[in-house]
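The values are calculated or read from the model by the stated rules, or taken from the named source; none is laboratory data. Owing to the predicted nature of the structure, the values given are computational and were not obtained by experimental measurement. When we count neighbours, we look across all protein chains shown, and the Cβ atoms used for this are built from the backbone with ideal geometry, even at glycine.
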Amino acid sequence: MARVKTNEAYKRYVELGKEKLYLPDFEVTSMGYLVPFVGEVYCRAEGCENVTKFISLNNLKKHIRTKHTHTYDLLDGESGGRPDQEAESAAVKFYEAVIKKFDAKQSAPALPPLPRRRDGEVHMTEMRRLVRRMGHVVPCESCKDAHKAKLCCKYEECEHFALFDSGDQGKSSEEEESNESEDED
């Protein structure tokens, strides 16, 4: 465990936390058991919104046993004591991969904001102009396949939406739905 705790990638994993890192879901062995890595302090269960930093691996295992019994099964006869060299090496590789992915995402260029009109709708003409300027073809393949070539950049199924940062697009649609439901009352 000392080898893992002194590793720079592990220190950054603990420091950055679950919210900033992309943590893959837990892997299950061929026997159907979940074996977390040495030193893990964040739950990686699919759909788990718990961002708590657990004090120890044992506390994480307790969380898994109580909250994710329907999904994961921990190997019960696990003996305590020092982890072997193989387990420590696997853990170090895992933390280094997580941090490498985080660093790559941080160094990637930021996406331009999605062009919008005053009313908040997508500005299709401006979006198409920017897409062409980025070197892509309008209409995209998904719009061609759906026979919506003239409506490219209007619907969110369009491939070009991935080229932009939509910002608060999700929030605005939720707000509109809540406003509509208030109007009905």
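Numbers at a glance
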item: Pair list, Cβ under 6 Å, 6 or more apart: the stretch 156-167 residue of a type in the set (S, T, N, Q), other residue modelled with pLDDT of 75 or more and not in a helix (DSSP H, G or I); result: Ser166/Leu114
item: Residue in the stretch 107-119 that is of a type outside the set (A, V, I, L, M) and under 30 Å from Lys11 (Cβ atoms) present; result: yes
item: Filter result for Val138 (free of Cβ contacts under 8 Å to residues at least 40 places away in the same chain, out of contact with any strand residue (DSSP E or B) (no Cβ under 6 Å at 6 or more places or on another chain), part of a loop (DSSP other than H, G, I, E, B) and β-branched (Val, Ile, Thr)); result: yes
item: Pairs where the first residue, in the stretch 93-117, is in the same structural domain as Ala162 (by TED's automatic domain parsing) and the second is modelled with pLDDT of 85 or more, C-beta under 6 Å, 6+ apart; result: none
item: Test: residue in the stretch 95-113 that is part of a helix (DSSP H, G or I), out of contact with any Phe, Trp or Tyr (no Cβ under 8 Å at 6 or more places or on another chain), surrounded by 14 or more Cβ atoms within 10 Å (Cβ to Cβ) and modelled with pLDDT of 90 or more; result: yes
item: The stretch 89-132: number of residues that are among the small types (Gly, Ala, Ser), closer than 21 Å to Leu16 by Cβ and over 16 Å from the mean Cα position of the chain (by Cα); result: 4
item: Selection status of Arg12, under 23 Å from Lys100 (Cβ atoms) and among the charged types (D, E, K, R); result: yes
item: Of residues in the stretch 114-171 being at positive phi and out of contact with any helix residue (DSSP H, G or I) (no Cβ under 9 Å at 6 or more places or on another chain), the one modelled with the lowest pLDDT; result: Gly167
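Quick grid of which residues meet (1) within 24 Å of Lys105 (Cα to Cα); (2) modelled with pLDDT of 90 or more; (3) outside any loop (DSSP other than H, G, I, E, B):
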position: Val4; (1), (2), (3): yes, no, yes
position: Lys20; (1), (2), (3): yes, no, no
position: Val41; (1), (2), (3): yes, yes, no
position: Ala45; (1), (2), (3): yes, no, no
position: Glu49; (1), (2), (3): yes, no, no
position: Lys53; (1), (2), (3): yes, yes, no
position: Ser79; (1), (2), (3): no, no, no
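Residue-wise test of (1) closer than 18 Å to Ile99 by Cβ; (2) within 19 Å of the chain's Cα centre (by Cα); (3) surrounded by 14 or more Cβ atoms within 10 Å (Cβ to Cβ); (4) not assigned by TED's automatic domain parsing to the domain that holds Lys100.
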| position | (1), (2), (3), (4) |
| --- | --- |
| Asn7 | yes, no, yes, no |
| Thr29 | no, no, no, no |
| Cys43 | no, yes, yes, no |
| Ile55 | no, no, no, no |
| Leu60 | no, no, yes, no |
